[in-house]
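Colleague: So that we are looking at the same thing, I have put the structure below in structure tokens.
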């Protein structure tokens, strides 16, 4: 049914949104994904950092940004520092260094709460998509030509899809929480 495909696509967008959102949560390990989507003022417009520089993490506690146009060093540094990620970008010659400090227990707990808030927000989006799809399915009654059994089956399929995507969202958040718990923890293997 066409509704299934459209709904699955919207659920996939919610999943993708949460996935991208969780990439910005620091785990105490340097990852280019922490900063790649920061918007930087460059060439009279706002561009993603990944469009302006190469990004690397030579060790677990440092991100290196190497702008292709060295005249953007200061703009990139300002953009990273202003991005509300609690990162400090330092210009070092022709590149920018960002040191990622190990997480404290308190910071780790705050970040886990943040992950759970982001998960809950994604679940709300999922429920909104479900509500819209349910209205659309139930709206077929007025159109005619659709049996009650077909409508009931479509509603069951919708619920199965919701449960599938809730599990995917939970799994994504659980993986991020584990990453937070076990990354750079004292004595972590």
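The values are calculated or read from the model by the stated rules, or taken from the named source; none is laboratory data. All of these numbers come straight from a predicted model, not from anything done at the bench. Counting neighbours? That spans all protein chains shown, and the Cβs are built from the backbone with ideal geometry, glycine included.
Colleague: Across the range 13-33, which residue is nearest to residue 100 (Cα to Cα) among those that are part of a helix (DSSP H, G or I) and touching a residue at least 60 places away in the same chain (Cβ under 8 Å)? It would help to see each step written out before you state the result.
Modeller: At the first step, the residues of the range 13-33 found to be part of a helix (DSSP H, G or I) are 13-23, 32-33.
In the following step, the residues that additionally are touching a residue at least 60 places away in the same chain (Cβ under 8 Å) were identified as 14-15, 17-19, 21-22.
On the way: 14: 29, 15: 27, 17: 24, 18: 23, 19: 21, 21: 19, 22: 17 Å.
It comes out as 22.
Colleague: Something else about it: Would you check if residue 175 is modelled with pLDDT of 90 or more and within 30 Å of residue 59 (Cβ to Cβ)?
Modeller: Working: modelled with pLDDT of 90 or more: yes; within 30 Å of residue 59 (Cβ to Cβ): yes.
Yes.
Colleague: If you don't mind, there's one more thing I want to ask. Being in a loop (DSSP other than H, G, I, E, B), surrounded by 11 or more Cβ atoms within 10 Å (Cβ to Cβ) and either touching a residue at least 40 places away in the same chain (Cβ under 8 Å) or out of contact with any helix residue (DSSP H, G or I) (no Cβ under 9 Å at 6 or more places or on another chain) (or both) narrows it down to one of 119, 87, so name that one.
Modeller: Details: 119 fails: in a loop (DSSP other than H, G, I, E, B).
Among 119, 87, only 87 is in a loop (DSSP other than H, G, I, E, B), surrounded by 11 or more Cβ atoms within 10 Å (Cβ to Cβ) and either touching a residue at least 40 places away in the same chain (Cβ under 8 Å) or out of contact with any helix residue (DSSP H, G or I) (no Cβ under 9 Å at 6 or more places or on another chain) (or both).
Colleague: Can you say whether residue 155 is free of Cβ contacts under 8 Å to residues at least 40 places away in the same chain, in contact with a helix residue (DSSP H, G or I) (Cβ under 8 Å, 6 or more places away or on another chain), assigned to a helix (DSSP H, G or I) and within 25 Å of residue 10 (Cα to Cα), as far as the supplied structure shows? First the steps, then the outcome.
Modeller: Numbers: free of Cβ contacts under 8 Å to residues at least 40 places away in the same chain: yes; in contact with a helix residue (DSSP H, G or I) (Cβ under 8 Å, 6 or more places away or on another chain): yes; assigned to a helix (DSSP H, G or I): yes; within 25 Å of residue 10 (Cα to Cα): yes.
Criteria met by residue 155.
Colleague: A further question follows. Check the range 97-111 and report whether any residue there is outside any helix (DSSP H, G or I), without any contact (Cβ under 8 Å) to a residue 12 or more places away in the chain and closer than 30 Å to residue 32 by Cβ.
Modeller: First, the residues of the range 97-111 that are outside any helix (DSSP H, G or I): 97-104.
After this cut, where a residue has to be without any contact (Cβ under 8 Å) to a residue 12 or more places away in the chain as well, the list is 104.
In the following step, the residues that additionally are closer than 30 Å to residue 32 by Cβ were identified as 104.
Yes, that holds for at least one residue.
Colleague: Taking the residues in the range 58-68 that are closer than 22 Å to residue 111 by Cβ and touching a strand residue (DSSP E or B) at 6+ places or on another chain (Cβ under 7 Å) as candidates, determine which candidate is modelled with the lowest pLDDT.
Modeller: Narrowing the range 58-68 to residues closer than 22 Å to residue 111 by Cβ: 59-63.
Next, from what is left, pick out any that are touching a strand residue (DSSP E or B) at 6+ places or on another chain (Cβ under 7 Å): 61-63.
On the way: 61: 87, 62: 92, 63: 93.
Among them, the one singled out is 61.
Colleague: Does residue 76 qualify as being under 27 Å from residue 174 (Cα atoms), surrounded by 17 or more Cβ atoms within 10 Å (Cβ to Cβ), at pLDDT 90 or above and touching a strand residue (DSSP E or B) at 6+ places or on another chain (Cβ under 9 Å)?
Modeller: Values: under 27 Å from residue 174 (Cα atoms): no; surrounded by 17 or more Cβ atoms within 10 Å (Cβ to Cβ): yes; at pLDDT 90 or above: yes; touching a strand residue (DSSP E or B) at 6+ places or on another chain (Cβ under 9 Å): yes.
Judged against the criteria, residue 76 is not a match.
Colleague: Within the bounds of the range 41-57, is there any residue that is crowded, with 17+ Cβ neighbours inside 10 Å, out of contact with any strand residue (DSSP E or B) (no Cβ under 6 Å at 6 or more places or on another chain) and closer than 29 Å to residue 166 by Cα?
Modeller: No: the range 41-57 contains no residue that is crowded, with 17+ Cβ neighbours inside 10 Å, out of contact with any strand residue (DSSP E or B) (no Cβ under 6 Å at 6 or more places or on another chain) and closer than 29 Å to residue 166 by Cα.
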